[in-house]
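S.K.: Can you keep this structure in mind? I'll have questions shortly.
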Amino acid sequence: MEKLTIGIADMKLAKNQGTLVTYALGSCVGICLWDHLIKIGALVHIMLPINMETNRTSPFKYADTGIRLTLTKMEQMGARRARIVAKIAGGAKMFNVPGNGSLGNIGQRNVESVHQVLRMEGIRILKEDIGGSTARTLFFDVATGEGTVKVYGNVQRKL
Amino acid sequence: MSLNRFEEMNSIQIDALREIGSIGTSHAATSLSSLLGSEVRIPLPEVKILEFNQAVEELGGFETISAGVISVLSGQINGMMLALFGLDAINLLLDRMIGKTVSDYNELTDIESSAVIEVGNILISTFINALSNLTGVKISPSVPQVAIDMQGAMITVPMAAYGNQSNYIMLLGGTFIVDNKTIPCKLLLAPDVKSLNYLLYCLGIGE
């Protein structure tokens, strides 16, 4: 079966079948978006909460522009907004960096931004595996809508 | 005119950074050498300006497990310094320091983890001291923190911190050679763009 790898600040779509995978999410968040009826799935790997770039060269780096652009692309392929659901993983705090709040909690701010953007776009979150201090690899099966989170130490969790 | 992005650096500036890196890493090698009681060398360090995904691949892949020691730099420049140790490197260090080795990362107890942090700390502080003396820039590294996990997630920490400025990150670092054996330990200096400008300015090669 086809496996598509999504890098940092990247997004890929698949229809009917295929596994979307993104490796080692730390403070980054992986957002799986899925239309169950026509089996279109997308996975976005965002790194920062809000796009404040002037020329917006890398929309998938940010939660707001990344999610919105992905939804638009899914709709262009025939997905319906009302059917799209989301599963998210990531947003960890890898190092307990002292002081400096803005550096320390990027993961948490990413998750908050993802929540807010999904709520504004009317997308329901089915499941999430967020926070903590461990890296996650995220697999998303486009045929079934099932997600799998793999963490260090051979631990796998269903998403 | 100052740089807005890492990828705008010219070859003279990159050479100068490589030179700083070389001095920083050789100081770090000397201190590691006296700690371990063996010869430690670092071949000419590399300065690379890479796109995020390339940077992680370059350092050995996303899912590779490493012990990472990170220190946040403040003072006249802002940035982060990250030391990555593979299991071979950890075992070599532990063997020399406390006469013990482990077969997996999860066997590391508090004492062994603090030994790893300490080595990371020594490498980072000697590097920073050398950099500071050379440029006259005041830099204070924070208390180092350790994590043992997929290294991709650790390398993205400085990327996320300065990701608003660029899709590229500057990696300055080298691999250590202890008693002619290469140990997978990497030292990375990741300043933000503003600090890089200041550093280049202090070296007299800013634009």
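S.K.: Against the condition more than 14 Å from every other protein chain (Cβ to nearest Cβ), over 13 Å from A:Ser27 (Cβ atoms) and in a loop (DSSP other than H, G, I, E, B), how does A:Ala86 come out, does it pass?
M.R.: Spelling it out, it is not the case that A:Ala86 is more than 14 Å from every other protein chain (Cβ to nearest Cβ), over 13 Å from A:Ser27 (Cβ atoms) and in a loop (DSSP other than H, G, I, E, B).
Let's see how each residue does on (1) in a loop (DSSP other than H, G, I, E, B); (2) away from chain A (no Cβ under 14 Å); (3) of a type in the set (Gly, Ala, Ser):
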position	(1), (2), (3)
B:Asn4	yes, no, no
B:Arg18	no, yes, no
B:Ala29	no, yes, yes
B:Glu57	no, no, no
B:Ser74	no, no, yes
B:Leu94	no, yes, no
B:Lys100	yes, yes, no
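S.K.: Now a separate question. Looking only at residues in the range A:19-39 that are in contact (Cβ under 8 Å) with a residue 60 or more places away in the chain and away from every other protein chain (no Cβ under 14 Å), which one is farthest from A:Ile123 (Cα to Cα)?
M.R.: Step by step, filter the range A:19-39, then rank; the result is A:Thr19.
S.K.: Scan the range A:24-59 for residues that are touching a Leu at 6+ places or on another chain (Cβ under 8 Å) and of a type in the set (Gly, Ala, Ser) and jot them down.
M.R.: A:Gly30, A:Gly41, A:Ala42 - these are the residues of the range A:24-59 that are touching a Leu at 6+ places or on another chain (Cβ under 8 Å) and of a type in the set (Gly, Ala, Ser).
S.K.: Another question, if that's okay. Right, B:Ala161: in a helix (DSSP H, G or I) and within 14 Å of another protein chain (Cβ to nearest Cβ) or not?
M.R.: Yes.
S.K.: Return yes when A:Thr57 is free of Cβ contacts under 8 Å to residues at least 12 places away in the same chain, surrounded by fewer than 24 Cβ atoms within 10 Å (Cβ to Cβ) and within 11 Å of another protein chain (Cβ to nearest Cβ) and no when it is not.
M.R.: Values: free of Cβ contacts under 8 Å to residues at least 12 places away in the same chain: yes; surrounded by fewer than 24 Cβ atoms within 10 Å (Cβ to Cβ): yes; within 11 Å of another protein chain (Cβ to nearest Cβ): yes.
Answer is yes for this residue.
S.K.: Out of the residues in the range B:164-177 that are surrounded by fewer than 21 Cβ atoms within 10 Å (Cβ to Cβ) and under 17 Å from the mean Cα position of the chain (by Cα), state the one that is nearest to the other protein chains (Cβ to nearest Cβ).
M.R.: Only one residue tops the list, namely B:Thr175.
S.K.: If B:Leu171 satisfies all but one of (1) aliphatic (A, V, I, L, M); (2) more than 12 Å from B:Leu84 (Cα to Cα); (3) at pLDDT 80 or above; (4) in contact with an Asp or Glu (Cβ under 8 Å, 6 or more places away or on another chain), what's the number of the condition it fails?
M.R.: (3)
S.K.: Separate question: Within the range B:59-72, can you find the residues that are over 12 Å from B:Gly86 (Cα atoms) and at the interface with chain A (Cβ under 7 Å from one of its Cβ atoms)?
M.R.: Across the range B:59-72, the qualifying residues are B:Phe62, B:Glu63, B:Ile70, B:Val72.
S.K.: Hey, another quick one. Counting only residues that are out of contact with any helix residue (DSSP H, G or I) (no Cβ under 9 Å at 6 or more places or on another chain) and among the aromatic types (Phe, Trp, Tyr), which one in the range A:130-154 is farthest from the other protein chains (Cβ to nearest Cβ)?
M.R.: A:Phe140
S.K.: Which one of the conditions (1) more than 9 Å from chain B (Cβ to nearest Cβ); (2) under 14 Å from the mean Cα position of the chain (by Cα); (3) assigned to a helix (DSSP H, G or I) does A:Ala42 fail to meet, given that it meets all the rest?
M.R.: So the condition that A:Ala42 fails would be (3).
S.K.: Considering the range B:135-158 alone, what residues qualify as being more than 14 Å from chain A (Cβ to nearest Cβ) and either in contact with a Ser or Thr (Cβ under 9 Å, 6 or more places away or on another chain) or crowded, with 21+ Cβ neighbours inside 10 Å (or both)?
M.R.: B:Val137, B:Lys138, B:Ile139
S.K.: Using the structure shown, decide if A:Val151 is in contact with a strand residue (DSSP E or B) (Cβ under 6 Å, 6 or more places away or on another chain) and under 30 Å from B:Ile117 (Cα atoms).
M.R.: When the stated conditions are applied, A:Val151 passes them.
The values are calculated or read from the model by the stated rules, or taken from the named source; none is laboratory data. These figures come from a predicted structure and were not determined experimentally. Cβ coordinates were reconstructed from backbone atoms using ideal geometry, including for glycine residues, and neighbour counts include every protein chain displayed.
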